[in-house]
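Here's the structure we're looking at; comments come further down.
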Number of protein chains: 2
Amino acid sequence: MESQNVDRTLGLLWRRILGTPQGTRGPKQRVSVDEVVRAAIAVADEEGLPAFSMRKVADRLGLKLMSIYTYVPGRSELIGLMVDEVIGEQELRPHEGALRERLTVVAQQLWDEYHRHPWLLQVEESRPWIGPNVSDRYEWQLAAIEGAGFTDLEMDQVITLLSDFTAGAARASIAARRTAEQSGMSDLEWWEINAPVLERVMPPGRYPISGRVGTAAGQEYNAVGDPARSFRFGLDRILDGLTALLDR
Amino acid sequence: MESQNVDRTLGLLWRRILGTPQGTRGPKQRVSVDEVVRAAIAVADEEGLPAFSMRKVADRLGLKLMSIYTYVPGRSELIGLMVDEVIGEQELRPHEGALRERLTVVAQQLWDEYHRHPWLLQVEESRPWIGPNVSDRYEWQLAAIEGAGFTDLEMDQVITLLSDFTAGAARASIAARRTAEQSGMSDLEWWEINAPVLERVMPPGRYPISGRVGTAAGQEYNAVGDPARSFRFGLDRILDGLTALLDR
DNA sequence: TCCTAACTCCGTATGCCTTACGGAAATTGA
DNA sequence: TCAATTTCCGTAAGGCATACGGAGTTAGGA
């Protein structure tokens, strides 16, 4: 029963290779799995994953709620399909240039992807679905560092390092963007609300370094932080560290 | 109305400094805010944030659902209190040793924290609450690198880099752990279910590097990956990169 | 030609969730 | 003593996923 579900979802993930037709009895489907997935992505893009619901997908397609379940087994499987779909959006160009540039492209691609579909960061799957686009991209990522001098084990660890860091940095960046947009409250206004209480509560001189660093950041960024800049800083350090490893 | 809520929650966050008593009319509260927060943490520890509900917190305290709302304004504010509370669990020892050791301690502390309270990774707050323990810890993290030779701006970026990477690595580690526990399905069994479909669907020779690297990782780890080891690898590279920056 | 298996679409129901609202009871300051 | 204030909680509204079963549609086989 569980494993049936796995099979069905894998079939949906690889539907372009496997082809759709099987049983042909019964009424024709009014839409296609592709349309369901695209509609679902549109909903998630607009409202985020918490507000994403099966009903909204159905509404967008002119279907009623329960009909969606004839296309996909359930919400979580649909999300798996959405993930593989958006990962396939980016073109995987042949790698060129030095290692440093190649790795930058790999990281930048992840960064862009998260910003185009912020809900990717809200997906929680204990066991990731293995779809065609995820597979293709992992191969492409490894190809970027093939022959650079890493061991096979290190190759996986390098991609993991880049992915983990980029996800974290993108999370901060998107949180900042969403905050600015939706709450309609700037960092400044936020501080103006917090300040009276915080001043009463933070003993003066208790946070000397935070105060100094916060002031420096505030003046430079004109905001609490600059996620894009932090991303570039971190990425540069990581690339330095990786080239150092190759010079051993 | 919004800003009232902010004030109230800040008051709760800093309750140990501000003290509780205000109006003393009416019946005594049967429990305390501290107990509510501790009960909430227990629920989240056991069941994760998605399954965390106000009702379960109430049940655990012998109260009925709606009474919880006389202690905290709502679910999201309660989560803010929980976060600050668990961040306060770790002792902030004076820093000693070389920069590399200090930074390792900072990262390791985050790593441990995420593993003790995995739901921290599921918290989504666009605007983080500024509580006493969060503030203390940020100051402590900065103190670890004070005087090492970074500019004020870089100091913030260094902590951000470490935090972002550690969060990403911990996320992978916890996903692996939860998967193993709850699904009762080992990586091997998972592959046995997936394999028949994947073999039919992945053209042979299409994933040469992934195949080689995956095999190497599988033999070394006896699993799909080893998150703890990837964490150490990534951390080492980052520390290399940071020391390189200081040698400029 | 006709029947039936298989399929789609969907109404209904169950059991979760947060939180707004208002009432009864308890407590204390005036 | 009594009114203001606060706690605890019942109820209800409005959201969610999804199990189940029924009505109608289609194609293949008898």
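The values are calculated or read from the model by the stated rules, or taken from the named source; none is laboratory data. Note that the structure is predicted; figures quoted are calculated from it, not measured. Glycine also receives a Cβ, built like all others from the backbone with ideal geometry; neighbour counts cover every protein chain displayed.
Here are the numbers:
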item: Extreme residue, nearest to DNA strand D (Cβ to nearest atom), among residues of the range B:56-81 that are basic (Lys, Arg) and within 21 Å of B:Glu124 (Cβ to Cβ); result: B:Arg75
item: When residues of the range A:1-24 are limited to those that are under 16 Å from A:Thr70 (Cα atoms) and of a type in the set (Gly, Ala, Ser), the one nearest to the other protein chains (Cβ to nearest Cβ); result: A:Gly11
item: Complete set of residues in the range B:19-55 that are more than 26 Å from the chain's Cα centre (by Cα) and either under 22 Å from B:Leu120 (Cα atoms) or not polar (S, T, N, Q) (or both); result: B:Gly19, B:Pro21, B:Gly23, B:Arg25, B:Gly26, B:Pro27, B:Lys28, B:Arg30, B:Val31
item: So B:Asp84, is it assigned to a helix (DSSP H, G or I), surrounded by fewer than 17 Cβ atoms within 10 Å (Cβ to Cβ) and away from DNA strand D (no atom under 16 Å from the Cβ); result: no
item: Among (1) over 18 Å from the mean Cα position of the chain (by Cα); (2) away from DNA strand C (no atom under 12 Å from the Cβ), the one test that B:Val72 misses; result: (2)
item: Which listed residue, of A:Val106, A:Val158, is surrounded by 17 or more Cβ atoms within 10 Å (Cβ to Cβ), under 24 Å from B:Ala167 (Cβ atoms), β-branched (Val, Ile, Thr) and within 13 Å of another protein chain (Cβ to nearest Cβ); result: A:Val158
item: Pairs, first closer than 11 Å to B:Ala39 by Cβ in the range B:69-87, second in a loop (DSSP other than H, G, I, E, B), C-beta under 7 Å, six or more apart; result: B:Leu78/B:Val72
item: Among the residues listed as B:Thr179, B:Thr243, the single one being farther than 16 Å from B:Trp111 by Cβ and in contact (Cβ under 8 Å) with a residue 24 or more places away in the chain; result: B:Thr243
item: Of all residues making up the range A:207-248, the number that are farther than 20 Å from B:Gly168 by Cβ, not in a helix (DSSP H, G or I) and not polar (S, T, N, Q); result: 5
item: Residue count for the range A:119-155, restricted to those that are modelled with pLDDT of 95 or more, outside any helix (DSSP H, G or I) and facing another protein chain (nearest Cβ under 9 Å); result: 2
item: Failed item, numbered, when A:Pro203 is tested on (1) of a type outside the set (Val, Ile, Thr); (2) over 17 Å from A:Ala223 (Cα atoms); (3) more than 8 Å from chain B (Cβ to nearest Cβ); (4) surrounded by 12 or more Cβ atoms within 10 Å (Cβ to Cβ); result: (4)
item: Out of B:Ala195, B:Ala176, B:Ala217, sole residue that is more than 9 Å from chain A (Cβ to nearest Cβ) and small (Gly, Ala, Ser); result: B:Ala195
item: The range A:164-183, residues that are crowded, with 20+ Cβ neighbours inside 10 Å and polar (S, T, N, Q); result: A:Thr166, A:Ser173
item: Flag for B:Arg60 being within 12 Å of another protein chain (Cβ to nearest Cβ), more than 30 Å from B:Leu161 (Cβ to Cβ), surrounded by 15 or more Cβ atoms within 10 Å (Cβ to Cβ) and not acidic (Asp, Glu); result: no
item: Odd one out for B:Arg60 among (1) more than 25 Å from B:Pro118 (Cβ to Cβ); (2) free of Cβ contacts under 8 Å to residues at least 24 places away in the same chain; result: (1)
item: B:Leu142 being touching a residue at least 60 places away in the same chain (Cβ under 8 Å) and surrounded by 15 or more Cβ atoms within 10 Å (Cβ to Cβ); result: no
item: The range B:5-61 - residue that is farther than 19 Å from B:Val86 by Cα and of a type in the set (S, T, N, Q) and, of those, nearest to DNA strand C (Cβ to nearest atom); result: B:Thr24
item: Total residues in the range A:25-45, condition within 13 Å of DNA strand D (Cβ to nearest atom) and either exposed (fewer than 15 other Cβ atoms within 10 Å of the Cβ) or within 14 Å of chain B (Cβ to nearest Cβ) (or both); result: 6
item: Residue match in the range A:22-32 (condition: part of a helix (DSSP H, G or I) and not polar (S, T, N, Q)); result: no
item: Condition check for B:Val72: in a loop (DSSP other than H, G, I, E, B) and crowded, with 16+ Cβ neighbours inside 10 Å; result: yes
item: Flag if A:Glu89 is surrounded by 14 or more Cβ atoms within 10 Å (Cβ to Cβ), away from DNA strand C (no atom under 16 Å from the Cβ), within 17 Å of the chain's Cα centre (by Cα) and away from chain B (no Cβ under 14 Å); result: no
item: Which numbered condition B:Asp84 fails, given (1) within 14 Å of chain A (Cβ to nearest Cβ); (2) near DNA strand C (Cβ under 10 Å from one of its atoms); result: (2)
